[in-house]
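Heads up, the thing below is written out as structure tokens.
The values are calculated or read from the model by the stated rules, or taken from the named source; none is laboratory data. Predicted model only: the values in this text are computed from it and were never measured. Cβ atoms come from the backbone with ideal geometry, glycine included; neighbour counts cover every protein chain shown.
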Amino acid sequence: MKVYKNGAELKEQISATLLPEQALALWALGQEGFLVKWMKKTMLFDPYLTNSVYEQAGPPWSRAFEPPLSPEQCRDVDYVVVSHHHEDHMDGQTLQAMRESAATTFIVPKAHLPLMKEWGFADGQLIGMSHGQSIELETGIRLEAFAAKHEQFEQDEAGEHKFLGYTASFGGIQLYHAGDTVGFTELVAWLQAKKIDIALLPINGRDFVRGGQGIVGNCNYREAAEIAVQAGADLLIPMHYGLFAHNDENPAYFVDYLYRHYPAQKFHMFAPGERFVYFK
């Protein structure tokens with residue numbers, strides 16, 4: 001798969017992208033990895049920027065394309081937000097390569113704070129989030145966490161959810177990053193209350209064969225579309241496809257479903273490394 005921009009060229013584009021308060025820029029980095037920029041602030045969701053899954057598990061976990069950025073090229077981001085501890089979302093190699101950054105705050109489910117500390121992160125670098133918790137990171141930027149079902153709710157001994165999705169408010173723009181989840185009624189109600197502008201939802205789905213291989217499932221393309229439409233999202237962005245051939249879905253099915261059922265629903269499909277600017 002061709003990467004739209006990568007490396008130093010992509011890094012320069014991110015730095016050179018100037019935005020008014022009413023705009024948000026997004027770059028797709030693969031799987032559920034997205035770099036978001038609002039004005040001069042950057043937030044990186046679920047970065048998987050190595051080949052660590054293949055190195056640990058071997059075939060068939062080879063990447064379909066190289067990471068558009070290296071972890072070292074992300075050391076100046078303001079916030080890294082992690083949805084859950086699976087290696088293609090909370091990648092120890094990626095995060096530890098960014099650990100020396102004095103500029104970055106790392107935000108993870110509270111259930112995974114002990115692991116981050118095992119990886120050498122200091123308390124001052126970390127924020128742990130719980131379901132229903134909202135935090136103002138700085139003026140104009142607020143993050144709220146919602147439990148996700150990856151295929152079920154899972155909690156630690158303290159009752160902290162291991163899988164989270166996040167709504168991020170950038171000025172007047174509301175973005176939802178689902179992490180890994182299936183659809184469920186409460187999720188739609190939570191999102192309706194947030195008046196989502198941009199919804200990033202997985203579409204790779206789940207099935208008996210993958211379940212038998214220990215691969216935990218997600219929304220399929222129908223669920224992703226229905227969640228976004230019922231929640232009233234202005235723009236739907238599918239994610240979690242295209243990186244691992246054996247845990248994938250053809251995004252053309254997603255497009256066809258919207259075309260047939262919700263032709264007025266706005267959506268955008270990314271090429272790896274592509275920039276998209278949303279204006280409200």
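Rundown of residues vs (1) in contact (Cβ under 8 Å) with a residue 40 or more places away in the chain; (2) touching an Asp or Glu at 6+ places or on another chain (Cβ under 6 Å); (3) hydrophobic (A, V, I, L, M, F, W, C); (4) farther than 22 Å from Pro272 by Cβ, yes/no style:
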residue	(1), (2), (3), (4)
Lys195	no, no, no, yes
Ile198	yes, no, yes, no
Leu201	no, no, yes, no
Asn204	yes, yes, no, no
Asp207	no, no, no, yes
Glu223	yes, no, no, yes
Ile227	yes, no, yes, yes
Met239	yes, yes, yes, no
Leu243	yes, no, yes, no
Exercise for the section: Can you give me the number of residues within the stretch 241-280 that are in contact with a strand residue (DSSP E or B) (Cβ under 6 Å, 6 or more places away or on another chain) and of a type in the set (Ser, Thr, Tyr)? Expected result: 2
Exercise for the section: Filter the stretch 61-78 down to residues that are touching a residue at least 60 places away in the same chain (Cβ under 8 Å) and over 25 Å from Asp248 (Cβ atoms), then give me how many there are. Expected result: 1
Exercise for the section: Output the residues belonging to the stretch 102-156 that are surrounded by fewer than 16 Cβ atoms within 10 Å (Cβ to Cβ), of a type in the set (Phe, Trp, Tyr) and in contact with a strand residue (DSSP E or B) (Cβ under 7 Å, 6 or more places away or on another chain). Expected result: Phe153
Practice task
Inspect the stretch 249-264 for any residue being hydroxyl-bearing (Ser, Thr, Tyr) and assigned to a loop (DSSP other than H, G, I, E, B) and give the result as yes or no.
Solution key: yes
Fill in the blank from the handout: Residue count, the stretch 1-53, condition hydroxyl-bearing (Ser, Thr, Tyr) and either under 18 Å from Gln96 (Cα atoms) or buried (at least 19 other Cβ atoms within 10 Å of the Cβ) (or both), comes to 4
Practice task
Identify the single condition in (1) of a type in the set (A, V, I, L, M); (2) over 19 Å from Ala148 (Cα atoms); (3) in contact (Cβ under 8 Å) with a residue 40 or more places away in the chain that Ala102 does not satisfy, given that it satisfies every other one.
Solution key: (3)
Handout entry: Lone qualifier among Asp234, Asp156, Asp197 - being at pLDDT 95 or above and touching a helix residue (DSSP H, G or I) at 6+ places or on another chain (Cβ under 7 Å)
Key = Asp156
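Just wondering, is there one or more residues in the stretch 261-278 that are within 12 Å of Pro202 (Cβ to Cβ) and modelled with pLDDT of 95 or more? If you could, list the steps in order and put the result at the bottom.
Of the residues in the stretch 261-278, the ones within 12 Å of Pro202 (Cβ to Cβ) are none.
No, the stretch 261-278 contains no residue that is within 12 Å of Pro202 (Cβ to Cβ) and modelled with pLDDT of 95 or more.
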Practice task
Could you give me the residue pairs with C-beta distances under 6 Å whose first residue belongs to the stretch 258-269 and is at negative phi, whose second residue is in a loop (DSSP other than H, G, I, E, B) wherever it lies, and which are 6+ apart or on separate chains?
Solution key: Leu258/Gln265
Exercise for the section: Restricting attention to the stretch 206-252, report how many residues are within 16 Å of the chain's Cα centre (by Cα) and on the phi > 0 side of the Ramachandran plot. Expected result: 2
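Could you grab me the full set of residues in the stretch 198-228 that are among the aromatic types (Phe, Trp, Tyr) and surrounded by 24 or more Cβ atoms within 10 Å (Cβ to Cβ)? Show your work before the answer.
Of the stretch 198-228, the ones among the aromatic types (Phe, Trp, Tyr) are 208, 221.
Once the filter is applied, which keeps residues that are among the aromatic types (Phe, Trp, Tyr) and surrounded by 24 or more Cβ atoms within 10 Å (Cβ to Cβ), the stretch 198-228 yields only Tyr221.
Of all residues in the stretch 147-177 being touching a Ser or Thr at 6+ places or on another chain (Cβ under 8 Å) and of a type in the set (Gly, Ala, Ser), which is nearest to Arg210 (Cα to Cα)? Please lay out each step first, then the result.
Looking only at the stretch 147-177, we keep the residues that are touching a Ser or Thr at 6+ places or on another chain (Cβ under 8 Å), and these are 148-150, 160-161, 163-166, 174-177.
Narrowing the set further to residues that are of a type in the set (Gly, Ala, Ser) leaves 148, 165.
Details: Ala148: 20, Gly165: 23 Å.
Residue satisfying both the conditions and the ranking: Ala148.
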Fill in the blank from the handout: Among residues of the stretch 64-95 being touching a strand residue (DSSP E or B) at 6+ places or on another chain (Cβ under 6 Å) and among the hydroxyl-bearing types (Ser, Thr, Tyr), the residue surrounded by the fewest Cβ atoms within 10 Å (Cβ to Cβ) is Tyr79
Exercise for the section: Determine if the stretch 169-180 includes at least one residue that is under 17 Å from His89 (Cβ atoms), charged (D, E, K, R) and crowded, with 21+ Cβ neighbours inside 10 Å. Expected result: yes
Handout entry: Test result for Thr17, of a type in the set (Ser, Thr, Tyr), in contact (Cβ under 8 Å) with a residue 24 or more places away in the chain and touching a Ser or Thr at 6+ places or on another chain (Cβ under 6 Å)
Key = no
